[in-house]
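What follows is calculated from the coordinates using simple rules that are stated; it is not laboratory data. Model, not experiment: these values are computed from the prediction. When we count neighbours, we look across all protein chains shown, and the Cβ atoms used for this are built from the backbone with ideal geometry, even at glycine.
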Amino acid sequence: MSDIAVTSPLFSMAQGVVAGLILGGLFFGGLWLTVQRVTQLERPAGWFALSALLRLGLLCAGLWFIGHAAPLRLVGALVGFIAARVLSLRYLGAARAPSSDPYVGEGHGSQS
């Protein structure tokens, strides 16, 4: 492979997208695990705070490492991170999230 192909802007951005997908998978996977286990924990607020600090620290360090020398890689990583969010919502059960509407549910049918 020639040096031109390895250093092309498209290749650099593609590397960033892959890295962003990995970072996003770790970030949103960690959030999903935290939410799944919080009902079993004695102090859920502390675990949420610790999880958030760890996930944000990993994300910031990863984005810095990816983009400190190549701005296009950083742009690609942000695109990959957003794509990971969309994928995690689709595959980790966003459809099962309860409705925030207080009038939806049992006993609140239409009164026509």
To the nearest Å, what is the center-to-center distance of segment 58-78 and segment 16-41, using C-alpha atoms only? 18
So what's the net charge close to F48: Lys and Arg +1, Asp and Glu -1, counting the other residues with Cβ under 12 Å from its Cβ? +3
Return the FRET efficiency for the residue pair C60, Y91: r is the Cβ-Cβ distance, R0 is 22 Å, and the value is rounded to the nearest 0.05. 0.30
In whole Hz and in residue order, list the ³J(HN,Hα) couplings for segment 24-35 that follow from phi through the Karplus curve 6.51 cos²θ - 1.76 cosθ + 1.60, θ = phi - 60°; x for Gly and Pro. x, x, 5, 5, 6, x, x, 5, 4, 4, 4, 5
Under the 7 Å Cα-to-Cβ spin-label approximation, A69 and Q36 lie apart by a distance in nanometres of 3.7
Under the 0.36 nm per residue contour assumption, what length would be gained going from the current alpha-carbon distance of A49 and I82 to full extension? 9.6 nm
